[in-house]
Amino acid sequence: MAGRINDEDVRAVRDAVPIDAVVSEYLQLRPAGGGNQKGLCPFHDEKTPSFHVSNTKGLFHCFGCQEGGDSIAFVMKVDHLSFSEAVERLAAQAGLTLRYEEGGYGRASQQGERTRLVEAHKAAARYYAEQLDSPEAQIARTFLHERGFKPADAEHFGVGYGPAGWDHLTRHLRGRGFTDKELILSGLSQDGRRGPIDRFRGRLMWPIRDITGEVVGFGARRLREDDNGPKYLNTPETPIYRKSQVLYGIDLAKRDIAKEGRAVVVEGYTDVMACHLAGVTTAIATSGTAFGEGHIKILRRVLMDNSRTEVIFTFDGDAAGQKAARRAFEDDQKFAARTSIAISPGGMDPCDLRLAKGDRAVTELVEGRSRLFEFVLRQIVDEHDLDSAEGRSAALEAAAPVVAQIKDGSLQHEYAVRLAGLLGILDTQFVVRRVGQLARWKRDGGGQGRGPRNAQDPSMQSAPTAPRISGPPLHLRSPGQLVERELLKLALQYPQLVSPAFDAYGSDEFTAQPYATVRETIEAAGGVERADRDYLSRVLETAPDDTVRRTITELAVETPRSPGSGDPDELYAGQQLVAVRLAAVRSRTAELEGSARRLDAQGAGARSAPLWQELWVLQQYATALRERGAAAL
């Protein structure tokens with residue numbers, strides 16, 4: 001980049017956009033006490049939320065994977081951006097103009113690559129939307145009308161039209177300062193014999209947005225008979241568009257998904273439009289790829305994935321739809337949420353259903369869903385000849401692992417009984433025992449195979465978990481270290497409550513080395529008495545390495561253990577100050593008494609006398625601390 005962003009502007013960006021507003025664009029946050037919020041970490045898979053956000057401190061920290069930092073660090077990590085690109089994105093969100101040290105106010109040439117590609121897509125989306133009103137786009141307007149969409153609907157979803165000429169968009173974006181290299185890298189243009197040409201020509205265009213609402217790609221539908229390309233053509237993989245990590249409609253649906261605890265997965269762009277217009281505003285779709293691991297991670301974070309939430313898949317009842325349902329069921333265990341399936345009547349997708357029977361039919365389709373494992377179970381059973389003993393046995397061995405995967409124990413038993421009925425096996429308990437055997441084997445780490453016979457197969461063993469890299473060990477069950485941790489949390493989060501007494505504490509009063517280092521860092525940054533709006537940033541900048549910086553971030557985000565749900569007060573802070581000081585006094589007292597007694601035993605009374613005197617003073621100090629509390633410090 002041509003210049004370094006002015007430090008004052010970086011601080012202004014941090015202050016302008018609250019960190020919870022930044023993070024909530026990517027995941028659902030819920031209150032965590034002490035003014036903090038929590039959610040499922042976007043940087044590693046987890047079942048329960050360990051990702052905490054402190055809006056007052058402007059910091060996040062995950063107690064699971066140890067990632068932490070401020071809003072800029074979060075955007076850098078979650079979107080794989082450089083520092084400058086992250087600052088530029090947040091500045092654009094806040095409406096701030098950045099200054100660069102070597103070039104005055106921000107210029108296009110100074111923007112990061114990702115920022116430029118996003119800007120190009122934003123301009124392209126506007127251009128395509130404008131072209132939908134052109135005479136040439138009548139074929140596109142007719143397509144939308146025939147599927148029950150009005151001009152206002154197209155505007156709401158940003159639907160547009162790509163002109164049929166070779167380089168209309170390319171020339172339009174060149175005129176707005178984008179280079180040929182940027183246009184090809186973005187996937188909006190491609191190499192032609194005489195230079196770049198438009199990738200999408202003569203097609204209906206859907207802008208594909210990421211979870212924050214930025215356009216990162218396009219889906220294009222063929223309209224003309226003479227178009228020899230595929231029915232749907234999507235943006236290729238680019239630095240800002242990865243189809244395995246994008247869900248069409250997530251920007252519009254995420255808040256209702258979080259609110260309702262439910263997501264509806266459909267198969268196409270028009271299905272998403274139809275569902276939203278029919279009132280199913282939690283509908284989303286993949287973009288040119290099957291629903292997979294990356295999409296699951298996005299949904300889990302937005303749902304705050306738990307047993308009370310639900311993911312509903314809509315598939316046609318044909319063979320392709322059944323195959324898709326099987327694939328979805330394979331991912332069921334990656335959700336804590338319930339997974340269900342809604343099969344549209346007559347093989348109609350939600351768009352066709354809305355057109356034929358109206359909005360109510362779409363909502364009834366979703367409301368009439370059934371459990372996904374039940375659908376898959378019936379599919380498996382129907383594939384076997386149940387009139388023969390061999391067929392029933394084969395069906396049991398194929399279907400029992402499906403029932404064994406059901407998370408709810410009572411529901412698992414109920415479906416085991418139901419499976420016996422479906423198969424016509426009179427010995428119900430035999431089926432229940434077989435399902436239970438498979439469930440136990442799977443729970444005990446038997447892998448993903450059909451049964452215990454696979455237990456010795458090396459290919460079925462789970463990959464070892466990578467060790468987590470962390471700093472020196474902390475023993476949080478130790479009352480002493482627990483109170484040291486609490487005092488440091490107060491010093492970082494509520495410095496006014498422990499000032500000025502905390503600054504008189506030596507690092508040797510903290511028995512855990514990581515905590516002693518944090519104490520030294522606070523001192524090097526000027527201490528709690530100098531705490532101001534930049535205090536926490538100053539402490540983080542003073543930290544000697546990333547390990548200490550992570551510990552500081554963790555302590556600055558973790559909610560204090562003060563009684564009740566409110567903020568800690570002076571009384572609580574005083575108790576922590578006294579507890580740490582008393583522990584240090586007790587340690588020093590034991591050390592002095594041991595030394596004095598050894599000297600007395602050696603007949604060196606003259607040398608032991610000063611130690612006994614110091615010991616007496618410390619004992620008086622300890623008595624005062626116990627009786628008067630923080631007033632004796």
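When both the range 386-437 and the range 116-162 are represented by their alpha-carbon centers, they are found 52 Å apart. Where both bridge residues fall in the range 219-314, DSSP classifies roughly 40% of the beta bridges as antiparallel.
When the charge dipole of the range 383-446 is built from unit charges on Cβ atoms (+1 for Lys and Arg, -1 for Asp and Glu) and taken about the Cα centre, the candidate among I425, A389, A400 whose Cα reaches farthest toward its positive end is A400. In a reduced charge model with +1 at each Lys and Arg Cβ and -1 at each Asp and Glu Cβ, the chain shows a dipole moment near 540 debye about its Cα centre.
Each of H145, P236, G219 was scored by the projection of its Cα onto the charge dipole of the range 113-241, and the greatest displacement toward the positive side belongs to P236; charges sit on the C-beta of Lys, Arg, Asp and Glu.
Let a ≥ b ≥ c be the square roots of the eigenvalues of the Cα gyration tensor of the chain; is it rounded (a/c under 1.5), or, if not, prolate (a/b larger than b/c) or oblate? Cα axes put the chain in the oblate bin.
Close amide H pairs (under 5 Å, H built 1.01 Å from N) link S340 with V311, I312, F313, L372, residues at least 5 positions away or on another chain.
Quick check: net charge around T309, other residues with Cβ under 10 Å of its Cβ, Lys/Arg +1 and Asp/Glu -1? With Lys, Arg at +1 and Asp, Glu at -1, the neighbours total +1. With contributions of -39500 (n - 2.57) from each DSSP H run of at least four residues, the per-residue ellipticity at 222 nm computed over the chain stands at -15000 deg cm²/dmol.
The antiparallel fraction among DSSP beta bridges confined to the chain stands at about 75%. When peptides 188-197, 265-274 are ranked by their average number of other Cβ atoms within 10 Å per residue, the highest-first order is 265-274, 188-197.
Counting only other residues whose beta carbon sits under 13 Å from that of A584, what net charge do I get with K and R as +1, D and E as -1? Intermediate values should be presented prior to the final figure.
Details: positive: R519, R581, R586, R588; negative: E484, D508, E509, E591.
Here the count lands on 0.
Express the relative contact order of the range 13-147 as a whole percentage, based on alpha carbon pairs under 8 Å and six or more residues apart in sequence. Relative contact order for the range 13-147 comes out at 16 percent.
Just order 297-304, 623-630 by mean Cβ neighbour count inside 10 Å, highest at the front, would you? Each step should come with its number before you reach the end.
Details: 297-304: 23.0, 623-630: 13.1.
Peptide ranking by packing, descending: 297-304, 623-630.
Each residue of the range 390-404 was assigned a 3J(HN,Hα) from its phi angle through the Karplus curve 6.51 cos²θ - 1.76 cosθ + 1.60 (θ = phi - 60°); the sequence is 5, x, 5, 5, 5, 5, 4, 5, 7, 8, 4, x, 5, 5, 5 Hz, with glycine and proline shown as x. Residues whose amide H lies under 5 Å from that of Y100, counting only those 5 or more places away or on a different chain, are N6, Y105, G106; hydrogens are built 1.01 Å from N in the peptide plane. Taking amide H atoms as placed 1.01 Å from N in the peptide plane, the amide H of V216 lies under 5 Å from those of I208, R209, D210, each 5 or more residues away in sequence or on another chain.
Each residue of the range 155-167 was assigned a 3J(HN,Hα) from its phi angle through the Karplus curve 6.51 cos²θ - 1.76 cosθ + 1.60 (θ = phi - 60°); the sequence is 5, 4, 8, x, 5, x, 9, x, x, 7, x, 6, 9 Hz, with glycine and proline shown as x. Take every Cα pair under 8 Å whose residues are at least 6 apart in sequence, average their separation, divide by the length of the chain, and the relative contact order is 10 percent. Phi angles of the range 201-211 translate, via the Karplus equation with coefficients 6.51, -1.76, 1.60 and θ = phi - 60°, into HN-Hα couplings of 9, x, 10, 7, 10, 10, x, 9, 10, 7, 5 Hz per residue; Gly and Pro are given as x.
Mind ranking 530-536, 551-557 by how tightly packed they are, going by the mean number of other C-beta atoms within 10 angstrom, highest first?
Ranking the peptides 530-536, 551-557 by packing returns 551-557, 530-536.
Cross-link partners of K259 among lysines, defined as those whose alpha carbon lies under 30 angstrom from its own and excluding same-chain residues fewer than eight positions apart: K38, K47, K57, K77, K122, K150, K243, K297, K334, K357, K407. Cα gyration tensor of the range 383-446, axes a ≥ b ≥ c as square roots of the eigenvalues: rounded (a/c below 1.5), prolate (a/b > b/c) or oblate? Prolate, because a/c is 1.5 or more and a/b exceeds b/c. Among residues other than R607 with Cβ under 11 Å from its Cβ, the summed charge is 0 (Lys and Arg +1, Asp and Glu -1).
Coordinate-derived values only; no laboratory data. The model shown is predicted, which means the values in this text are computed figures rather than measured ones. Positions of Cβ are backbone-derived with ideal geometry, glycine not excepted, and every protein chain shown enters the neighbour counts.
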